[in-house]
Every structure is written in C-alpha cells, then in structure tokens.
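The values are calculated or read from the model by the stated rules, or taken from the named source; none is laboratory data. Because the structure is a prediction, the values reported are computed rather than measured. Positions of Cβ are generated from backbone atoms using ideal geometry, with glycine treated the same way; all protein chains shown enter the neighbour counts.
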Amino acid sequence: MSRAPWIIDFGAFHGQDARFYLEKGFLVLSVEANPSAAAKAFELNQAYAKAGRFRLLNIAIDTAPGEIDFFVHDHGDWSSAEKNTRFTAENSKVIKVSATPASEIFRIYGIPYYVKIDIEGRDIEVIRAICSLPEKPLHVSYELGASTVIASEMLHKAGYTEFSLSPQGNHGKLVAPNPPLEGDFVEFRFTGYHSGPFGREVPDGWYGREELLEKIAAIDHSKGLGRWWDVHARLREPEHDSYVHFSRSPFVEEKSMPCELVLEQDQENRGVAGGGKNPASEQRIADKHQQLNIPHLAAAVHDVAKDWKAAKYYDDAEASIDSQWNRFIWPSINCCSFDYVVDLACGHGRNTAKLAEISKKVVAIDVNSENVEYCTERFRSRENVIVRQTDGTTLAGVPDEVVSLVYCFDAMVHFDSDVVREYIKEIRRVLRVGGHAFLHHSAMDKNPVGSFRNNPGWRNYMSPSLMAHWANKSGLSVANQVMLDWRGDGVVLDCLTFLKRWK
Ligand SMILES: C[S@@+](CC[C@H](N)C(=O)[O-])C[C@H]1O[C@@H](n2cnc3c(N)ncnc32)[C@H](O)[C@@H]1O
C-alpha cells in the first residue's frame with residue numbers, strides 16, 4: 001500500500017474522473033470548491049472512501065488562504081472562482097467558500113504520480129505551484145484555455161519536456177489499451193464530464209512543446225466538439241519504476257486538512273443539523289442562568305475558573321504563542337473565514353492578539369472579571385476587538401448564526417466535561433452555516449471519577465469521541481481531530497477538534 005501510485009484530482013466536479021482513476025487501481029485525493037458538487041463526488045466514490053482509497057477536500061484553490069467568492073453556475077461544471085461572461089444574475093449565484101494555495105495541498109499530502117487540473121480559470125495557479133516543487137509529479141494535465149501557452153512554457157522550464165493534446169469533446173469513442181499501460185484495464189465509457197486517459201495511455205502520444213503549439217494553432221474552433229481539449233505534460237520518464245519512485249501517499253500518513261469530507265460527517269450529521277432557527281439568544285442565556293442554579297454546573301465552572309485569575313501562567317504563555325501558532329494552530333485554521341471570530345476563554349489575550357491581526361471582528365470572552373478587565377485595557381485601541389464576560393457556559397452577547405470561527409486554545413483542556421457540553425450547544429447556536437470551531441480540549445479519558453488536579457497538566461476528564469458525539473448531537477460535523485503529544489514521548493493529553501456547521 002505504501003508504494004501505491006496516487007493522483008490529485010483538482011476540480012473533481014461530481015467525481016467521475018476520480019471514479020475512473022480509482023477503478024484503475026490508483027488512490028485519489030480530489031479537490032472541489034463547490035460544496036454540493038463535492039458532496040456528490042463523495043457519494044459517488046463512497047465505497048472507495050470507506051476502503052481508505054479516496055479522500056476529498058471541499059476547498060477552492062487561490063493564491064492565499066482565506067475565504068473567497070465562488071460563482072455557482074446552473075451549468076454545474078462551469079462553476080468557478082473566476083466570473084466570466086457566461087455568468088448572469090439569472091444563471092448563477094455567489095457563495096463564500098474556503099480557499100487555500102495549491103502549494104499547501106502538496107505540502108500536507110505530498111507529491112502524487114499524476115495531477116489532473118480542471119478548475120475553470122485557475123489551472124495556472126496549480127501549475128505555478130507544481131513548477132516550484134523540488135520533487136514533481138510525473139504527469140500533469142490541464143484544460144486548454146487562455147493561459148495554455150504560458151502554462152506550457154512554465155512546465156517546460158520546470159522539466160516537463162513532453163506534451164500531448166487530448167480531446168475532451170469526443171473521447172466517448174476512445175478504447176483503453178489492453179493490456180493497460182497505466183494501472184489496471186477497465187472498460188470505461190468517457191463522457192463530456194471526463195478528462196479521459198492519462199499518462200502512458202494518452203491517445204495522441206507524446207511530442208515536444210513546439211509540436212504541441214502547432215497542434216493547438218491548428219484546432220478548428222468552428223466545430224462544436226473542438227472546444228474542449230486537455231494538455232498533458234510529463235517529465236522525462238525515470239529509468240526505474242515511476243510508481244515506486246513516487247511513493248509518498250496521503251493515504252499512508254495521518255495527514256489531513258480541516259476541509260476534508262469524512263465518512264462520519266455526512267448524511268447523519270447533515271440530517272441532525274436540520275435547518276430551523278435556534279431559540280432567541282436572550283432566552284437561551286436566561287435559560288442558562290437558570291441552569292447555573294444547578295449546583296454541580298456552577299461548581300464545575302467555579303472550580304476550574306478560580307485557578308486562572310492572576311496566574312504567572314500568562315507571562316510564560318505569552319512567550320510561546322508564536323511557536324504554537326506557527327506549528328499547529330495556523331495550519332489547522334488557515335482555511336477558515338475570519339469575518340467574525342470568538343476567542344473563548346481568552347485569559348490575557350495572547351490568542352486574541354494573533355486573531356485580531358487577521359480578523360474583521362474578534363469577541364474575546366472569559367469567565368473571570370480580572371481577565372476581562374485585563375483584555376479590555378490591552379485591546380482598548382483595537383477597534384475590531386470586543387471583550388465580554390461569560391457566566392462560564394454561554395457565549396453571552398454573541399447573536400445567533402453570525403460567527404465564522406469559534407476558537408478556544410489552552411483553556412477547554414481544563415473545563416469540566418459538562419461545561420464543554422454546554423459550550424458545544426452554544427457554538428452551534430452562534431455559528432453561521434459554513435462556520436468552524438477550533439477546540440483544543442482534553443483527551444484525558446483516565447481517572448473518570450477523580451479530581452482533575454490529580455491529572456497531568458490539570459487536564460479534565462474528556463475524550464475525542466465524547467467531543468465527536470456531542471458535536472454530532474448538536475448538529476455540528478467533525479471535520480478533523482488531531483491528537484497532541486506535547487512532549488513527543490507518546491503520551492497524548494490533548495486533542496485539537498475542528499468542527500464545521502454544514503447547514
Ligand atoms: C489556561 S488559561 C488560557 C487562556 C488563553 N486561552 C491562553 O491561551 O492564554 C484558561 C482560561 O480559561 C478561562 N476559563 C476557565 N473556565 C472558563 C469557563 N467556564 N468559561 C470561559 N472561560 C473560562 C480562565 O479564566 C482562563 O482565562
């Protein structure tokens with residue numbers, strides 16, 4: 001398995017290309033920006049996902065991480081981050097989607113054998129990323145379009161010396177070679193939604209760049225079917241078996257991005273999310289105060305909160321935020337929208353300060369009035385930061401369905417599990433559709449009846465599966481969970497859970 005060849009399929013649409021590659025025996029990582037197309041692609045290849053052979057990232061490719069406008073066209077496979085003359089108010093709508101540079105996907109998942117690119121107007125961004133990779137995929141294909149000549153020049157300079165032009169409009173007639181030249185033989189009927197054969201099976205053979213440009217110039221654009229072509233490029237074949245050479249695969253190592261669709265997340269969770277508005281926040285907060293009359297919940301809040309008033313912790317922690325942010329916080333959250341962020345349990349505001357640099361608005365919340373006062377002073381001159389006090393279980397004062405990211409680092413690890421449960425309900429209340437929660441919590445599932453003070457790092461009783469269970473019950477999907485082994489000694493105390501509200 002570790003030597004299996006694999007493919008990145010940029011622009012998966014409904015997953016038809018991925019299906020062809022999977023049937024040929026390749027592993028596939030698909031990337032699709034349009035959430036509804038991504039869901040269809042996942043459904044089509046679900047059996048392969050279950051078998052660990054198919055993964056899918058619901059994310060757009062852009063030059064920088066963040067959130068971008070994405071134009072969904074009624075003619076689904078024309079949907080694009082680039083709005084062109086095909087788009088009118090009648091035939092399209094604009095949605096917000098998370099975006100990442102293609103280089104980030106290669107960095108996280110490694111280098112595949114073949115990269116298929118069909119992302120309507122942004123193919124050049126992926127090609128640019130490929131050209132700067134120290135180790136490159138053997139095969140690349142992209143759609144013929146405005147940037148074809150420049151793309152072929154970039155690829156040529158980067159070592160792709162052989163090219164091929166492949167028709168997309170009439171490849172239904174193509175018969176795959178048997179015995180196969182790539183992977184297994186499959187009797188496959190291509191439609192206009194398939195990129196078709198790749199690698200050693202390209203129908204037109206391989207030639208130099210000059211010949212490619214001549215062939216492109218000779219295309220008769222008056223014929224309807226002549227409109228769609230793919231350009232294939234390949235590095236000079238290595239002497240040894242190329243599949244073995246390109247051995248790193250996203251399916252072997254536990255790597256993933258928060259935008260990945262996972263099996264657990266889909267149908268059941270989306271069903272639970274159910275639509276319908278939550279009760280008004282004021283009422284909920286009133287209910288919560290009622291709830292805090294439940295002695296054990298109030299006691300659970302107080303028992304943890306009292307340790308974090310003027311602790312020396314804050315000065316030490318301030319010094320380590322940059323390295324923690326760079327090592328594992330930013331890579332986990334960089335595809336989120338930073339429109340409206342809640343920093344839950346802000347302490348003296350070291351996370352708030354980082355978030356304030358990149359967010360339109362940050363609401364910093366803490367249970368202790370000492371911390372609220374400290375942060376109010378610290379962020380007095382920052383117009384995009386508001387500081388609020390909570391009763392210890394609510395996101396007090398944050399309206400329903402407005403937040404793009406709820407962030408909680410180095411605090412929930414100490415919370416009583418009942419308090420975590422309450423916050424999850426609140427997170428669901430405040431998150432808008434498509435919003436995320438980044439929660440650093442305890443994975444300490446030992447000592448279930450003892451005091452958290454007897455646990456390493458005062459971690460409270462909690463577990464990744466409890467988090468997933470409660471999130472699911474509240475209508476949130478687990479996009480990713482990463483275990484943290486702080487000291488590198490194999491002892492896992494914490495978990496970073498990344499939740500998404502799908503609907
Ligand atoms: C270890 S400090 C971390 C502060 C900050 N997140 C950081 O990384 O520097 C824990 C924080 O959790 C806050 N806290 C404890 N219980 C809380 C609760 N139930 N609700 C909100 N904040 C709470 C404390 O006041 C304190 O600010």
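Remarks
- Every condition in (1) in a strand (DSSP E or B); (2) modelled with pLDDT of 85 or more; (3) in contact with a Lys or Arg (Cβ under 6 Å, 6 or more places away or on another chain) holds for residue 56 except the one numbered (3).
- The single condition among (1) within 24 Å of residue 471 (Cβ to Cβ); (2) part of a loop (DSSP other than H, G, I, E, B); (3) within 14 Å of the ligand (Cβ to nearest atom) that residue 301 does not meet is (2).
- Subset of segment 370-382 that is out of contact with any strand residue (DSSP E or B) (no Cβ under 7 Å at 6 or more places or on another chain) and of a type outside the set (Gly, Ala, Ser) - its residue that is nearest to the ligand (Cβ to nearest atom): 371
Listed here are the residues, each with its yes/no results for (1) under 20 Å from residue 396 (Cα atoms); (2) at pLDDT below 90; (3) crowded, with 17+ Cβ neighbours inside 10 Å.
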{"residue": "294", "(1), (2), (3)": "yes, yes, no"}
{"residue": "323", "(1), (2), (3)": "no, no, no"}
{"residue": "331", "(1), (2), (3)": "no, yes, yes"}
{"residue": "337", "(1), (2), (3)": "no, no, yes"}
{"residue": "343", "(1), (2), (3)": "yes, no, yes"}
{"residue": "349", "(1), (2), (3)": "yes, no, yes"}
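- Residue list for segment 364-385, restricted to those being in a strand (DSSP E or B) and either out of contact with any helix residue (DSSP H, G or I) (no Cβ under 9 Å at 6 or more places or on another chain) or under 17 Å from residue 306 (Cα atoms) (or both): 365, 366
- When residues of segment 411-425 are limited to those that are more than 11 Å from residue 471 (Cα to Cα) and either touching a helix residue (DSSP H, G or I) at 6+ places or on another chain (Cβ under 7 Å) or outside any loop (DSSP other than H, G, I, E, B) (or both), the one farthest from the ligand (Cβ to nearest atom): 417
- Residues that are buried (at least 23 other Cβ atoms within 10 Å of the Cβ), polar (S, T, N, Q), modelled with pLDDT of 95 or more and in contact with a Phe, Trp or Tyr (Cβ under 8 Å, 6 or more places away or on another chain) occur in segment 431-447; there is at least one.
- Qualifying position, being among the basic types (Lys, Arg), closer than 14 Å to residue 501 by Cβ, out of contact with any Leu (no Cβ under 7 Å at 6 or more places or on another chain) and without any contact (Cβ under 8 Å) to a residue 60 or more places away in the chain, among 446, 425: 425
- 3 or more residues crowded, with 18+ Cβ neighbours inside 10 Å and without any contact (Cβ under 8 Å) to a residue 40 or more places away in the chain: qualifying helices (runs of 4 or more DSSP H) within segment 62-160: 123-131
- Some residue of segment 470-483 being without any contact (Cβ under 8 Å) to a residue 24 or more places away in the chain and within 20 Å of residue 331 (Cα to Cα): yes
- Among the candidates 367, 385, residue that is in the same structural domain as residue 487 (by TED's automatic domain parsing), more than 8 Å from the ligand (Cβ to nearest atom) and among the β-branched types (Val, Ile, Thr): 385
- Restricting segment 306-360 to residues that are more than 10 Å from the ligand (Cβ to nearest atom), of a type in the set (Ser, Thr, Tyr) and assigned to a helix (DSSP H, G or I), the residue that is nearest to the chain's Cα centre (by Cα): 332
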